[in-house]
1. Which of the lysines could be linked to LYS396 by a straight reach, that is with a Cα gap under 24 Å, when you skip same-chain ones fewer than 8 residues away?
2. Could you please put LEU199, LEU273 in sequence from largest to smallest accessible area, using a 1.4 Å probe?
3. Using a Förster distance of 60 angstrom, determine the FRET efficiency expected from the C-beta separation of TYR46 and ASP479, and round it to 0.05.
4. Please compare each pair in LYS26/LYS464; LYS45/LYS146; LYS59/LYS127; LYS215/LYS350; LYS178/LYS269; LYS215/LYS328 to a cut-off of 29 Å on the Cα-Cα distance and tell me which ones are over it.
5. Among 352-360, 44-52, 285-293, 170-178, how do they line up by average Cβ neighbours within 10 Å per residue, starting with the highest?
6. Using only Cα atoms, locate the centre of region 301-323 and the centre of region 332-390, then give the distance between them in Å, rounded to an integer.
7. Karplus couplings for region 53-67 from phi (6.51 cos²θ - 1.76 cosθ + 1.60, θ = phi - 60°), rounded to Hz, Gly and Pro as x?
8. In deg cm²/dmol, rounded to 500, what helix-only [θ] at 222 nm does the chain give when every DSSP H run of at least 4 residues adds -39500 (n - 2.57) and the total is split over its residues?
Amino acid sequence: MDATTLNSERRPFSIKLWPPSQNTRKVLVERMINNLSSKSLFTEKYGCLSKEEAEENAKRIEDVAFATADQNYENEPDGDGSSAVQLYARECSKLLLEVLKKGPRSKEDGEVTSGTTPTETLFDISKGQRAFIEAEEAEELLKPLKEPGNTYTKICFSNRSFGLGAARVAEPILVSLKNQLKEVDLSDFIAGRPEAEALEVMNIFAAALEGSILKYLNLSNNALGEKGVRAFGSLLKSQSYLEELYLMNDGISEEAARAVCELIPSTEKLRVLHFHNNMTGDEGAIAIAEVVKRSPLLENFRCSSTRVGSEGGVALSEALGTCTHLEKLDLRDNMFGVEGGVALSKALSKHNNLTEIYLSYLNLEDEGAVAIANVLKESAPALEVFDIAGNDITAKAAPAIAACITAKPHLAKLNLGENSLKDEGTIQISKVLEGHAELQEVDFNTNQIRRAGARALAHAVVQKPSFKLLNINANFISDEGIDELKDAFRKSPDALGSLDENDPEGEDDDDEDEDDDKESGEGKGNEDELESKLKNLEVGQEE
């Protein structure tokens, strides 16, 4: 932000210059990467760093400078942030010069420190088979963490089940490291332990790490429930700088979700929040919605397979409306229904940065799908992934979906599987896919598609240079239609997915199909006539 512009306009000091936006921080990192790896007076004298080493150092420098300046800002809450901005710039310049003077890392050096700040290094014991570990093995396994001057800032204890003895070995080690740790992965680290022991182990780890300044915390796959969440309470309460939090497959019930909302004091810097595969339900979703509301910088939100119904879906959707930086949204496998879908469509109007959206198996039906498609048509211009499978969508929604897709030139993956689009809806959408050069994967499995629809899809994608997979399995394509598909993909057979569940004798049960058959004939004649009718159909805006 240009401070001189603000001053010249004589705006009040309530306008804050701190913190910088994520985009500003990324631009600064890119600039430092260029300074470290491009020809200049300094690099001619001390040597250029490789792109990989330059990126590693630039991210670390920005991290350290941001934390230092942010701490300064926290100590001056009434200031406008200008002193923090100046300190941020000074620290970046100072550390950048130290790295330049240090020169490129030699091959023999391995992981070394640059200047006076340790390089981020991962300590990971998750490789290999899942196993219990007790005190003696823990002593040997964690020995590198006790070495003086070690540079570990990331630890991963996943896939090993800690008993009380092992936890007590780890406790003093973690206490000694907590001021340098930035990322902690404790996913799946108490598997198979009795509840009382598991809770005590969690308490030990939480107390040891309390007060650390973490950016990343993963507590997934621990069957936490409310008791487990509260066992980690001292750690969660002490975190104000978290950027990524993962609580997947943790038995997060309504009560546990409320505990999460209560125990995390600040999510102002949170960018990634994942709650996949829990039993959160509507009331739990309302609690999680409160966390989302307090996360204005959220970029990646996952709340899939969490038993959320219409009421919780509406609450989450309204909360997501405040997250204007959202890039990736995954709400798959819940029960939002039409009401939740309409509420979500209103929130999506504010999400211009979205690149991936996963909305399969939400019971949206045509009304919810059309509401979302109509809004997405006007927002999310850079959308790359659109997944809306398993929502009882029929051909009635096809014009809105086609219009939405038309406005997404960067679309790479489209999933409309397990709906009821039939040939009519499939041909309408296929027509607009022809202009999408970046398309890589298209899924229309289980849509009651016959030969005409299959032919239209194949024609739309087969010539695309980057195309990888067309899935139209479990449809009603005739044997002749299968032969046509295989011929169309003869130069790229791997791009045509399996057809082992296709049923050439498949029939629709509803009366409408029977009437259509009577009017236009059966089999191939019906398909050809339908394709002819839809060939020049224009995609207009849904009213």
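1. Counting by Cα, and skipping residues close in sequence, LYS396 has these lysines nearby: LYS346, LYS377, LYS408, LYS413, LYS422, LYS431, LYS518, LYS524, LYS533, LYS535.
2. LEU199, LEU273
3. With R0 = 60 Å, the Cβ-Cβ based efficiency is 0.30.
4. LYS26/LYS464; LYS45/LYS146
5. Numbers: 352-360: 20.0, 44-52: 13.9, 285-293: 22.4, 170-178: 17.9.
So the order, starting with the most tightly packed, is 285-293, 352-360, 170-178, 44-52.
6. Answer, in whole Å: 12.
7. After applying 6.51 cos²θ - 1.76 cosθ + 1.60, I find 5, 5, 5, 4, 6, 5, 5, 5, 4, 5, 4, 5, 5, 5, 4 Hz.
8. Taking each H run of at least 4 residues, the total per residue is -14000 deg cm²/dmol.
The values are calculated or read from the model by the stated rules, or taken from the named source; none is laboratory data. Nothing here was measured: the structure is a model prediction, and the numbers come from that model. All Cβ positions, even for glycine, are placed from backbone atoms using ideal geometry, and neighbour counts span all protein chains on display. For the accessible areas, the whole protein counts, side chains as well, though only heavy atoms, and no ligand, DNA or RNA atoms are used. Shrake-Rupley method; radii C 1.70, N 1.55, O 1.52, S 1.80 Å.
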